[in-house]
Amino acid sequence: MSDPAFLADVLAGFSQTPKHLPGKYLWDEAGSILFDRICGSPDYYPTQCEMALLSRVAPAIANRIGPRATIVEFGSGASRKIRVLLDTLHDPARYIAIDISGEYLEASLRTLAGDYPDIAMVAVRADYSRRVDLPVGRGEGLVLGFFPGTSIGNFAPEEATAFLARARDTLGPSYFLVGADTTQDEDRLVSVYGGCGGLMEALHLNILSRINRELGADIQLDAFRHEARVLHEPFRVEAHLVAKQATTFHLGGREFAFTAGESVRTDTSHKYPAEAFRALAGKAGWTAEESFVDSAGFALHLLRC
Ligand SMILES: C[S@@+](CC[C@H](N)C(=O)[O-])C[C@H]1O[C@@H](n2cnc3c(N)ncnc32)[C@H](O)[C@@H]1O
């Protein structure tokens, strides 16, 4: 059975000018597997920068958080980065992983649980673009929220503030560690977000595969190519699927047409400078305790409420 919300969002997105699809629909099992391969690509600097920075600052964070913490990750994916925190925090009690990509979430958590048998693991399949309530109460130690992967950049400024406010409701009194890419090098951004050995194109075309498979559309995938575009105010990289030639398809009893060169936006990555990010967090009721920034401009912000 197809998801009515998915169909409604896709019909609305293809009916608008310019066309766009919500990026959250990139994430089914195939999308998650592709992203994990992107993280392993030597071109994809955000993962390399964030892993190195996280390893460097984790001991300071561990001292601040203390023993028996509960860690809550938003958009946990392969649950790789969390290993740095689980290895460094003092006797962490619990890891709660939230992700929209349900099968992949379950499989990732099973692998992690095998390696950390003393830490309680809870999988929460949920969409964090809405309010998320945790299925368990507060534990004995402090709560540390974790939002890596520069996923905060997928939100426009006012959406980012709304997300951070919702996360405050989900976490209650807590710390929140958020990864944000501040890179402003346009050539590098176009090359990385448009490349990674064809994996970026595969990830974005996956949204059309999903629409065909789950919603019964007949989109010709090879009529589209992927392109990364840098835009300003606010500074961001957009992912587009561009029609190589005029093409039509059917979805939900309607016909949709693309002219040659017309595109549909499939995701956005805002690059928030540290000061701009702290202002968004402040509006959402968080206090910025400390910002750790590496020499390439990648930041981990530790917030508190
Ligand atoms: C860019 S990946 C980051 C994965 C991992 N945290 C990392 O840093 O490598 C984004 C993750 O967030 C999940 N995600 C995207 N949108 C989401 C949403 N609206 N609600 C819940 N999870 C979402 C995806 O399934 C994916 O696992």
Exercise. In the stretch 69-78, how many are away from the ligand (no atom under 12 Å from the Cβ) and either touching a Cys at 6+ places or on another chain (Cβ under 7 Å) or not in a strand (DSSP E or B) (or both)?
Worked result: 1
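With respect to A126, is the statement that it is open to solvent by less than 50 Å² (accessible area, probe 1.4 Å) and more than 8 Å from the ligand (Cβ to nearest atom) true?
Details: open to solvent by less than 50 Å² (accessible area, probe 1.4 Å): yes; more than 8 Å from the ligand (Cβ to nearest atom): no.
Criteria not met by A126.
Could you identify the single residue in L231, L280 that is at pLDDT 95 or above, within 28 Å of E73 (Cβ to Cβ) and of a type in the set (A, V, I, L, M, F, W, C)?
Details: L231 fails: within 28 Å of E73 (Cβ to Cβ).
That would be L280, the only listed residue that is at pLDDT 95 or above, within 28 Å of E73 (Cβ to Cβ) and of a type in the set (A, V, I, L, M, F, W, C).
Just name the residue that is farthest from the chain's Cα centre (by Cα) out of those in the stretch 133-172 that are part of a loop (DSSP other than H, G, I, E, B) and within 24 Å of A239 (Cα to Cα).
Residues of the stretch 133-172 part of a loop (DSSP other than H, G, I, E, B): 133-142, 148-150, 155-156, 172.
Applying the additional criterion that residues be within 24 Å of A239 (Cα to Cα) yields 148-150, 155-156.
Working: P148: 8, G149: 6, T150: 7, F155: 9, A156: 13 Å.
Restricting to residues being part of a loop (DSSP other than H, G, I, E, B) and within 24 Å of A239 (Cα to Cα), the top hit is A156.
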Seminar exercise, completed: Exactly one of D43, D99 is in contact with a Gly (Cβ under 9 Å, 6 or more places away or on another chain), within 13 Å of the ligand (Cβ to nearest atom) and among the charged types (D, E, K, R), and that one is D99
Problem set entry | So A246, is it touching a Phe, Trp or Tyr at 6+ places or on another chain (Cβ under 9 Å), open to solvent by less than 50 Å² (accessible area, probe 1.4 Å) and under 25 Å from I211 (Cβ atoms) | no
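Filter the stretch 238-257 down to residues that are over 30 Å from H301 (Cβ atoms), touching a residue at least 24 places away in the same chain (Cβ under 8 Å) and not in a loop (DSSP other than H, G, I, E, B), then give me how many there are.
Initially, the stretch 238-257 is screened for residues over 30 Å from H301 (Cβ atoms), giving 241-257.
From the residues that got through so far, the ones that are touching a residue at least 24 places away in the same chain (Cβ under 8 Å) too are 241, 247, 249-252, 254, 256.
So of that shortlist, the ones also not in a loop (DSSP other than H, G, I, E, B) come out as 241, 247, 249-251, 254, 256.
Result for the stretch 238-257: 7.
Looking at R94, R83, can you tell me which residue is away from the ligand (no atom under 14 Å from the Cβ), open to solvent by 30 Å² or more (accessible area, probe 1.4 Å) and either basic (K, R) or under 12 Å from the mean Cα position of the chain (by Cα) (or both)?
Values: R83 fails: away from the ligand (no atom under 14 Å from the Cβ).
R94 is the lone residue from the list that is away from the ligand (no atom under 14 Å from the Cβ), open to solvent by 30 Å² or more (accessible area, probe 1.4 Å) and either basic (K, R) or under 12 Å from the mean Cα position of the chain (by Cα) (or both).
When you go through D133, D185 one by one, which is the residue that is open to solvent by 20 Å² or more (accessible area, probe 1.4 Å), of a type outside the set (S, T, N, Q) and over 24 Å from P46 (Cα atoms)? Steps first, please.
On the way: D185 fails: over 24 Å from P46 (Cα atoms).
Criteria check complete, one pass: D133.
Can you tell me which residue in the stretch 23-68 is least open to solvent (accessible area, probe 1.4 Å), limited to those that are outside any helix (DSSP H, G or I) and free of Cβ contacts under 8 Å to residues at least 40 places away in the same chain? Reasoning before the result, please.
Taking the stretch 23-68 as the starting set, the residues that turn out to be outside any helix (DSSP H, G or I) are 27-28, 40-44, 66-68.
Checking which are free of Cβ contacts under 8 Å to residues at least 40 places away in the same chain leaves us with 40, 42.
Values: G40: 66, P42: 110 Å².
Among them, the one singled out is G40.
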For this session: Please work out which residue is farthest from L53 (Cα to Cα), limiting yourself to the stretch 106-148 and to residues that are small (G, A, S) and in contact with a Ser or Thr (Cβ under 8 Å, 6 or more places away or on another chain).
Result: G139
Exercise. Based on what the data block shows, is L208 hydrophobic (A, V, I, L, M, F, W, C) and outside any helix (DSSP H, G or I)?
Worked result: no
Exercise. So which residues in the stretch 258-276 are in a strand (DSSP E or B) and open to solvent by 60 Å² or more (accessible area, probe 1.4 Å), if there are any at all?
Worked result: R265
For this session: Please go through the stretch 289-305 and pick out each residue that is within 16 Å of S174 (Cα to Cα) and either touching a Ser or Thr at 6+ places or on another chain (Cβ under 7 Å) or surrounded by fewer than 18 Cβ atoms within 10 Å (Cβ to Cβ) (or both).
Result: E289, E290, H301, L303, R304, C305
Problem set entry | The listed residue being open to solvent by 20 Å² or more (accessible area, probe 1.4 Å), under 17 Å from the mean Cα position of the chain (by Cα) and among the aliphatic types (A, V, I, L, M), out of L199, L177 | L199
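Give me the residue from the stretch 146-193 that is of a type in the set (D, E, K, R) and more than 13 Å from the ligand (Cβ to nearest atom) and, out of that set, farthest from I98 (Cα to Cα). Steps first, please.
Start the filter on the stretch 146-193 by keeping residues that are of a type in the set (D, E, K, R), which leaves 158-159, 166, 168-169, 181, 185-188.
Filter once more, keeping what is more than 13 Å from the ligand (Cβ to nearest atom): 158, 168-169, 185-188.
Numbers: E158: 22, R168: 15, D169: 15, D185: 31, E186: 32, D187: 33, R188: 31 Å.
Here the answer is D187.
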Problem set entry | Among the candidates L26, L53, residue that is under 17 Å from the mean Cα position of the chain (by Cα) and either farther than 21 Å from R188 by Cα or more than 10 Å from the ligand (Cβ to nearest atom) (or both) | L26
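The values are calculated or read from the model by the stated rules, or taken from the named source; none is laboratory data. Since we're looking at a predicted model, the values are computed, not measured. Here Cβ is always computed from backbone atoms with ideal geometry, including for glycine, and neighbour counts include all displayed protein chains. What goes into the accessible areas is simple: the full protein's heavy atoms, side chains included, and nothing from ligands, DNA or RNA. Shrake-Rupley method; radii C 1.70, N 1.55, O 1.52, S 1.80 Å.
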